[in-house]
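Below is one structure, written out as structure tokens; the observations come after it.
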Amino acid sequence: MRNFRLFGVVLSLILPLTANAVGPEDYRFPREPGTTKDGYPLPLSGKPITKTPVITTTPGTAVKNYPEHYVPGKETLAKDEMRITACGSWGPAPMRIGQGASCLLVQLGNGDSFIFDVGGGTVGNLFALGVHPAELDKVFITHLHLDHVGGIFPLFDAMGWARNTPLHVWGASGYTPELGITAFTENIRAASEWHIQSKQNLLPTGGMKIVPHVIDYSKFSPKQPRQLAYDENGVKIYAFPVIHVIAGSMGYRMEWEGLTFVYTADSVPSTFEAEQGKGADVFIHEIMPSAEEFAHYNHMPLQAGENVMSEHTTPAELGRIYTIAKPRLGVGSHFTLDDRLIDPLFQRWGTTYNDPVLLMQDLTTINVTSDHIVVRQTKADPLAWPAPPPKLPEGVDMSTGEPSKAQRP
């Protein structure tokens with residue numbers, strides 16, 4: 001009888017694993033397909049929020065045959081292709097189930113991956129995209145608002161589980177040292193001390209290190225409007241200052257294989273940032289509702305809404321930026337997704353700009369080549385296990401360390 005019961009327990013454990021095994025192809029979007037009154041796809045319905053999901057350099061040119069949705073692990077990038085995916089599209093208010101805070105994953109055909117900002121609620125989306133944490137070791141921070149960096153703890157923790165090399169973080173020096181990227185990364189490491197010591201002798205913990213790469217904010221000037229922050233494997237990433245609350249906010253411009261991606265995150269609109277975005281294939285910039293809408297839906301005084309919006313960019317202002325920059329695709333992110341707000345946003349945007357635009361939502365994916373830009377939504381497994389690890393570089397020690405000297409209970 002005991003053996004029979006044991007067999008029954010084992011069988012009951014095996015059958016659910018077999019019966020319930022699903023992949024990203026089986027994922028159903030939270031909402032049925034639908035559109036707003038003006039014809040824009042509704043959020044969370046499986047369609048990108050745009051009327052121009054396909055852009056060709058030369059009208060009539062044949063476009064690579066992409067599936068309707070991007071499924072992680074099912075598509076190989078061409079050697080000259082870039083893929084940009086929003087792991088988070090929300091800010092600056094309490095997080096929501098349907099939107100993580102600001103985070104972008106940029107993947108290149110040469111095998112490189114880059115993270116731009118890592119706001120709260122975004123790391124699960126990063127992992128669902130099928131990239132092993134060992135390949136997510138380069139993070140470029142625009143500024144230190146928590147809706148842009150609040151997800152760094154779970155990313156930092158994943159590094160310790162998955163590899164034994166540091167997490168590299170680029171960011172500004174700050175107006176004073178305590179406001180810069182070095183102090184920020186040191187504080188993250190210090191706050192994790194109990195966690196790290198508890199893992200010693202259980203798992204490799206060499207990955208629980210953060211290496212700051214400081215971009216000296218004081219060196220920006222009219223003669224040096226941007227600084228080269230990264231230059232490896234044919235990829236160049238430049239940083240440039242933007243206006244947002246206090247000194248230390250930046251945008252980034254990535255150039256690779258003739259393609260250019262620009263990301264400015266939060267900012268007060270300026271001709272300067274528009275100039276930095278000139279010639280971009282994809283230019284991602286924040287876009288915000290009106291002060292009245294922001295205050296109403298967040299249940300705050302109008303004055304508070306006006307204070308917040310004074311440090312951000314409206315749709316009409318973003319249209320003026322894109323009129324100067326002339327990107328192939330202009331993308332608004334950092335927006336409060338709500339069916340009632342989408343049509344007014346595009347109407348205001350259209351008063352100053354009428355070329356292709358996209359409103360970002362979580363897991364919107366943009367494939368970019370010199371010939372075309374294709375925008376889709378991602379079908380990702382919300383219960384995804386980690387992707388298979390890449391081959392470790394020579395000399396990386398994955399052995400566990402000595403146990404902590406802290407007393408056990």
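Rule-based calculations on the coordinates, nothing more; no lab input. None of the values given here were measured: they were computed from a predicted structure. Note: ideal-geometry Cβ built from the backbone for every residue, glycine included; neighbour counts use all protein chains shown.
Laid out as a table, the results:
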| quantity | calculated |
| --- | --- |
| Relative exposure of Lys199, Lys79, judged by other C-beta atoms within 10 Å (fewest first) | Lys79, Lys199 |
| The chain - mean residue ellipticity at 222 nm from DSSP helices (-39,500 (n - 2.57) per run, n ≥ 4, rounded to 500) | -7000 deg cm²/dmol |
| Cβ charges +1 (Lys, Arg) and -1 (Asp, Glu), total dipole of region 106-168, debye | 80 debye |
| Highest-first arrangement of 391-404, 97-110, 225-238, where packing means the average Cβ count within 10 Å | 97-110, 225-238, 391-404 |
| Environment charge at Val169 (Cβ cut-off 12 Å; Lys +1, Arg +1, Asp -1, Glu -1) | 0 |
| Student exercise, region 213-253 dipole from Lys, Arg, Asp, Glu Cβ charges, in Debye to nearest 20 | 180 debye |
| Diffusion coefficient, µm² s⁻¹, Stokes-Einstein with Kirkwood Rh over alpha-carbon pairs of region 35-377 at 10 °C and 1.306 mPa s | 78 µm²/s |
| Sorted by Cβ neighbour density within 10 Å, fewest at the top, the residues Lys74, Lys138 | Lys74, Lys138 |
| Where a label projected 7 Å from the Cα of Thr271 along Cα→Cβ would reach, residues of region 196-235 with amide N under 20 Å | 221-226 |
| Radius 15 Å from Cβ of Asp362, net charge of other residues (Lys, Arg +1; Asp, Glu -1) | +1 |
| Relative exposure of Thr352, Thr205, judged by other C-beta atoms within 10 Å (fewest first) | Thr352, Thr205 |
| The chain - charge dipole about Cα centre, Lys and Arg +1 at Cβ, Asp and Glu -1, debye rounded to 20 | 760 debye |
| Selected from Pro43, Leu146, Phe346, residue furthest toward positive end of dipole (the chain; charges at beta carbon) | Pro43 |
| Translational diffusion coefficient (Stokes-Einstein; Kirkwood radius from C-alpha pairs) of region 293-409 at 20 °C, 1.002 mPa s, in µm²/s | 112 µm²/s |
| Gyration tensor over alpha-carbon atoms, region 339-402, equivalent ellipsoid semi-axes in Å | 42, 17, 12 |
| Among beta bridges that DSSP assigns inside the chain, antiparallel share in %, nearest 5 | 65 percent |
| Cα-based equivalent ellipsoid, region 112-229: semi-axes from gyration tensor eigenvalues, Å | 26, 16, 12 |
| Local net charge near Arg28, Cβ-Cβ under 15 Å (Lys/Arg +1, Asp/Glu -1) | -2 |
| Rounded if a/c under 1.5, otherwise prolate or oblate - region 240-337, Cα gyration tensor axes | prolate |
| Cα-based convex hull volume of region 64-168 per residue, rounded to whole Å³ | 108 Å³ |
| Spatially near lysine pairs across region 35-377, Cα under 20 Å, sequence gap of 8 or more or different chains | 17 |
